[in-house]
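Beneath this line is the structure, given in structure tokens, with notes to follow.
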């Protein structure tokens, strides 16, 4: 325990006071991974009720620590999702991931992060099928053309009957 | 059989104000081909998002220019847009940049169905995956 914290023991539990920012982020990361493990076990269809309850209890106890970070920093998020940090920042801008409000340096919200992680894992797994992957690339490019501002404007003009001979 | 080819005013403005002479010649040639050959001159068929979508096709013009057409039941062809297409800004390129292991190699544009054919069925996606892909790479 750091000397500066000794006098503050009465304000809260010692383990909370002794946990640094880095440790609290590591605990947050561990909570996220425990939650993923719980979901995987639950989806396995096996009789793992007791193990699930133990994991849920552990997650609950960890989440009760007031010093546990409410989210993961960009670097940890990138490691967790297996993408680059610029990709994480781009996804934040586009609203794929959410930032914990009022926190600096920024932290990525854990709940939304787990949903994105599931989707990323699914993408990596299904992307092993070359035919599916090729169809996905074509589909995304085609949808982008259909939804482009120029095409949307053209369709609106068409719907309004604004047409002329080419 | 000659097909009726119409365009929206925005297309005229783009052709007149943004295209070079050479690009305009490519546009005019595409319009002539559409009049004479119909959907056979439409390029590739774009995948449909749902059954309510108009049949829509995209044809390359000169350089980065693309021509997007819609086909009505009375065989009229509408040019709804002429746009510039940058390969590095497509969702496909962005997806490959974020997930290098998921780049498609050796893909040929001609593999996609021609304009007169039915569109390919969209790949099946779960709700979470569709949301990720569309928010991260398309919208």
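Things to note:
- Helical content alone sets the calculated 222 nm signal of chain B at -9000 deg cm²/dmol, taking -39,500 (n - 2.57) per DSSP H segment of four or more residues and averaging over every residue.
- Centre-to-centre separation between the Cα atoms of segment B:66-103 and those of segment A:133-153: 5 Å.
- For segment A:33-64 and segment B:11-63, distance of Cα centres in Å: 55
- Angle between chain A longest axis and helix A:110-126 axis [Cα atoms, degrees, rounded to 10]: 60
- The label point for residue B:25 and the one for residue A:44, both projected 7 Å from the Cα toward the Cβ, are 6.9 nm apart.
- Take each peptide in A:158-166, B:21-29, count the other Cβ atoms within 10 Å of every residue, and average; sorted highest first, the result is B:21-29, A:158-166.
- Mean per-residue shielding of peptide A:24-35 is 0, counting Cβ atoms of other chains within 10 Å of each Cβ.
- When every Cα-Cα distance of chain B is counted in 5 angstrom steps from zero, the calculated P(r) takes the values 2, 9, 16, 20, 19, 15, 10, 7, 2, 0 percent.
- For the protein assembly as shown, the Kirkwood estimate of hydrodynamic radius, built from reciprocal distances between every pair of different alpha carbons, is 22.9 Å.
- Between the helical axis of A:85-94 and the longest alpha-carbon principal axis of chain A there is an angle of about 60 degrees.
- Averaged over B:65-71, number of beta-carbon atoms from partner chains that fall within 10 Å: 2
- Rounded to 0.05, the FRET efficiency of the residue A:106 and residue A:23 pair, given R0 = 25 Å and the Cβ-Cβ distance, is 0.85.
- Cβ-to-Cβ counts within 10 Å put B:62, A:80 in ascending order as B:62, A:80, the fewest first.
- C-alpha long axis of helix A:21-43 to longest principal axis of chain A, angle in °: 70
- Note on A:116-125: average number of Cβ atoms from other chains within 10 Å of each residue's Cβ is 5.
- Both radii are taken from the alpha-carbon atoms of chain A; with Rh as the Kirkwood radius, Rg/Rh is 1.17.
Read the figures in this text as sums done on the coordinates, not as results from a lab. Bear in mind that the values here come from a model prediction, so they are computed numbers and not experimental data. Please note: Cβ atoms are built from the backbone with ideal geometry, for glycine as well, and neighbour counts cover all protein chains shown.
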